[in-house]
Structure formats: C-alpha cells, structure tokens
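Comments concern the structure below.
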C-alpha cells in the first residue's frame, strides 16, 4: 500500500455504497440500432454495469447508456478526458435518432 511505503497512516469510513445496475437489453438494442442507422457501423457493446444517475433511476425505470469514444485513449473521469467534435456530433445524431424512433416494449 502506498501509505505504508510512505509512512502515512490511513483511516477511512465508508459513507456511501450503491450497487451498479445492469442496463435494460431492449434499451441497449434501441441505442445500438440508432448508432448503426446514423453512423453506419455496427455498434460495439461494452460490458458495463451502469453507475452514475442510473443506479437510482433503475429502481423506477429501465436504463441504458451510450458511451462516446474518448480521444485520450480511454481515459475517463479525469481532466485528460477529451472527445472530438466529430464524435460528439455522431453521438448527438444517434441520440436524436433514438428519440425520434423510440418505442417502449
């Protein structure tokens, strides 16, 4: 542990714990279809238990997530995280398509 190597005592108290939730397959399929219609490529699928707001929303509604390519080699939740204007535009086009074609199961 870094603290031990540096001679620093570390204490911690867990103040919050929420389990990640799975995305709804039907919603992930709809998101992928919108990406494929607007970008023209097969949408890759990422294994990711939803976090963020989805952890709370999943108690009352199905959740899904669209990940936008990061220009910093996959660095996220960090000041080095970037996204290109082209990738942001592609994501916005896919989201608009999803909203226009949305049908709940």
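The values are calculated or read from the model by the stated rules, or taken from the named source; none is laboratory data. What you are looking at is a predicted structure, and each value in this text was computed from that prediction instead of being measured. For neighbour counting, all protein chains shown are included, and Cβ atoms are generated from backbone atoms with ideal geometry for every residue, glycine included.
How about region 77-105: which of its residues are in a loop (DSSP other than H, G, I, E, B) and surrounded by 10 or more Cβ atoms within 10 Å (Cβ to Cβ)?
So in region 77-105, the residues in a loop (DSSP other than H, G, I, E, B) come out as 77-84, 102-105.
Of everything in region 77-105, those that are in a loop (DSSP other than H, G, I, E, B) and surrounded by 10 or more Cβ atoms within 10 Å (Cβ to Cβ) turn out to be 80, 81, 82, 83, 84, 102.
Which one of these is at pLDDT 90 or above and either in a helix (DSSP H, G or I) or in contact with a helix residue (DSSP H, G or I) (Cβ under 9 Å, 6 or more places away or on another chain) (or both): 10, 31?
Values: 10 fails: at pLDDT 90 or above.
Step by step, each of 10, 31 is checked, and only 31 is at pLDDT 90 or above and either in a helix (DSSP H, G or I) or in contact with a helix residue (DSSP H, G or I) (Cβ under 9 Å, 6 or more places away or on another chain) (or both).
Among the numbered conditions (1) modelled with pLDDT under 85; (2) assigned to a helix (DSSP H, G or I), tell me where residue 37 comes up short.
Among (1) modelled with pLDDT under 85; (2) assigned to a helix (DSSP H, G or I), the lone unmet condition for residue 37 is (1).
Pairs, please: C-beta under 6 Å, at least 6 apart or cross-chain, first residue free of Cβ contacts under 8 Å to residues at least 24 places away in the same chain and on the phi > 0 side of the Ramachandran plot and in region 78-92, second surrounded by 12 or more Cβ atoms within 10 Å (Cβ to Cβ) and part of a loop (DSSP other than H, G, I, E, B)?
Taking only residues 6 or more apart or on different chains, not a single pair turns up.
Kindly indicate the residue of region 1-30 that is in contact (Cβ under 8 Å) with a residue 40 or more places away in the chain and within 13 Å of residue 54 (Cβ to Cβ) and also nearest to the chain's Cα centre (by Cα) among those meeting that condition. Break it down stepwise before answering.
Applying the first criterion (in contact (Cβ under 8 Å) with a residue 40 or more places away in the chain) to region 1-30 yields 21, 23-24, 26, 30.
Keeping just the survivors that are within 13 Å of residue 54 (Cβ to Cβ) gives 21, 23-24.
On the way: 21: 12, 23: 10, 24: 13 Å.
Per the criteria, the residue is 23.
Taking the options 74, 49, name whichever one is modelled with pLDDT under 85 and surrounded by 10 or more Cβ atoms within 10 Å (Cβ to Cβ). Walk me through how you get there before you give the answer.
Working: 74 fails: surrounded by 10 or more Cβ atoms within 10 Å (Cβ to Cβ).
Sole residue among the options that is modelled with pLDDT under 85 and surrounded by 10 or more Cβ atoms within 10 Å (Cβ to Cβ): 49.
Can you name every residue in region 52-71 that is part of a helix (DSSP H, G or I) and either free of Cβ contacts under 8 Å to residues at least 24 places away in the same chain or surrounded by 15 or more Cβ atoms within 10 Å (Cβ to Cβ) (or both)? Steps first, please.
Residues of region 52-71 part of a helix (DSSP H, G or I): 54-57.
Of everything in region 52-71, those that are part of a helix (DSSP H, G or I) and either free of Cβ contacts under 8 Å to residues at least 24 places away in the same chain or surrounded by 15 or more Cβ atoms within 10 Å (Cβ to Cβ) (or both) turn out to be 54, 55, 57.
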